[in-house]
Amino acid sequence: MAHVHTFGVACPSAAGIIHLGATSCYVTDNGDLIILRDGIDILLPKLARVIQRLSAFAEQYKDLPTLGFTHFQPAQLTTVGKRATLWIQELLWDLRNLTRAREDIGFRGVKGTTGTQASFLTLFEGDHDKVETLDQRVTELSGFKEYYPVTGQTYSRKIDVDILMPMASFGATVHKIATDIRLLANLKEIEEPFEKDQIGSSAMAYKRNPMRSERACSLARHLQILVQDALGTSSVQWLERTLDDR
């Protein structure tokens, strides 16, 4: 409302219509969808790069034998490269799932306080075609192929679930890979880089804690639980919306 007031002071002739029909969710929800889309766009190339580097690692060590484990008990032989393909396969699935989620993101578009376009129809003096044109034009200018045909005051919070579910699955993959590295570090089969002046701990300077993997596990665990919040929010939107998500 502070913004609306400021704009109204700067342009008094528009003050009466500048916010007509444009609930704050018209700005914030469309903005959130842009953030979600752009965030995945940042993530996908990074994930592809990890897959590429792990693939080179698997190829390099495809014939190097190592003891395989089930239940973390010694089992039959495998190879270092084969073990890495277990990680790669799951990351490829995550790449697929996140790409699907990104392509499915639509735009809230030009909808009013309860998801109708009645107030915009008033703004355009009953011209329905102009309202639809505005909806399509704003969607295109924001870089989306389509807008959601039906919304409440917000875009459906199920969209957050659709995005956070593959993110949580990706978190599970990261946790699995990082945990494997931590187990192998305990067996002294692999070590993370150890800087020249790095100290393992205040009391045991010789320790080589797998700190990078530990951090990855911590972030991955947080990523996995976020979807529970989205599910809870989606389930209690109360007709056209409520404020549980704030």
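The values are calculated or read from the model by the stated rules, or taken from the named source; none is laboratory data. Given the structure is predicted, the values throughout are model-derived calculations rather than measurements. Reconstructed Cβ throughout: ideal geometry from the backbone, glycine too, with neighbour counts over all protein chains shown.
With respect to residue 177, determine if the residue is in contact (Cβ under 8 Å) with a residue 40 or more places away in the chain and β-branched (Val, Ile, Thr).
So residue 177 passes the test.
Assuming residue 167 fulfils every condition listed in (1) hydrophobic (A, V, I, L, M, F, W, C); (2) over 30 Å from residue 211 (Cα atoms); (3) in contact (Cβ under 8 Å) with a residue 12 or more places away in the chain apart from one, which condition is it?
(2)
Which one is modelled with the lowest pLDDT among residues in region 209-246 that are in a loop (DSSP other than H, G, I, E, B) and surrounded by 15 or more Cβ atoms within 10 Å (Cβ to Cβ)?
Applying the filter and picking the extreme gives 245.
Give me a count of the residues in region 159-193 that are more than 21 Å from residue 50 (Cα to Cα) and surrounded by 14 or more Cβ atoms within 10 Å (Cβ to Cβ).
Total satisfying the criteria: 4.
Looking for something at pLDDT 95 or above and outside any helix (DSSP H, G or I) - is there at least one such residue anywhere in region 78-98?
yes
Among the residues of region 32-75, what is the count of those that are in a helix (DSSP H, G or I) and either touching a residue at least 40 places away in the same chain (Cβ under 8 Å) or under 30 Å from residue 156 (Cα atoms) (or both)? If you could, list the steps in order and put the result at the bottom.
The initial filter retains those residues of region 32-75 that are in a helix (DSSP H, G or I), namely 32-60.
Then keep just the ones that are either touching a residue at least 40 places away in the same chain (Cβ under 8 Å) or under 30 Å from residue 156 (Cα atoms) (or both); that gives 32-48, 50-51.
Residues meeting the conditions: 19.
Can you find a residue in region 100-120 that is touching a strand residue (DSSP E or B) at 6+ places or on another chain (Cβ under 9 Å), free of Cβ contacts under 8 Å to residues at least 60 places away in the same chain and not charged (D, E, K, R)?
At the first step, the residues of region 100-120 found to be touching a strand residue (DSSP E or B) at 6+ places or on another chain (Cβ under 9 Å) are 106-111.
Applying the additional criterion that residues be free of Cβ contacts under 8 Å to residues at least 60 places away in the same chain yields none.
No, region 100-120 has no match at all.
Which of the residues spanning region 138-174 are of a type in the set (Val, Ile, Thr) and under 20 Å from residue 99 (Cβ atoms)? Step through it out loud before you land on a result.
Quick first cut of region 138-174, residues of a type in the set (Val, Ile, Thr) only: 138-139, 150-151, 154, 159, 161, 163, 173-174.
Within region 138-174, 159, 161, 163, 173, 174 qualify.
With the checklist (1) on the phi > 0 side of the Ramachandran plot; (2) modelled with pLDDT under 95 in hand, flag the one item residue 71 doesn't pass.
(2)
Scan region 128-158 residue by residue and report those that are part of a helix (DSSP H, G or I) and either on the phi > 0 side of the Ramachandran plot or buried (at least 18 other Cβ atoms within 10 Å of the Cβ) (or both). Write out each step before concluding.
Step one: filter region 128-158 for residues part of a helix (DSSP H, G or I), giving 128-141, 158.
131, 135, 139 - these are the residues of region 128-158 that are part of a helix (DSSP H, G or I) and either on the phi > 0 side of the Ramachandran plot or buried (at least 18 other Cβ atoms within 10 Å of the Cβ) (or both).
The rows are residues; the columns are (1) within 23 Å of residue 175 (Cβ to Cβ); (2) exposed (fewer than 12 other Cβ atoms within 10 Å of the Cβ); (3) not acidic (Asp, Glu).
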| position | (1), (2), (3) |
| --- | --- |
| 8 | no, no, yes |
| 18 | no, no, yes |
| 39 | yes, no, yes |
| 52 | yes, yes, yes |
| 75 | yes, yes, yes |
| 80 | yes, no, yes |
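Taking the condition of being surrounded by fewer than 15 Cβ atoms within 10 Å (Cβ to Cβ) and modelled with pLDDT under 95, how many residues in region 20-37 meet it?
Here the count works out to 4.
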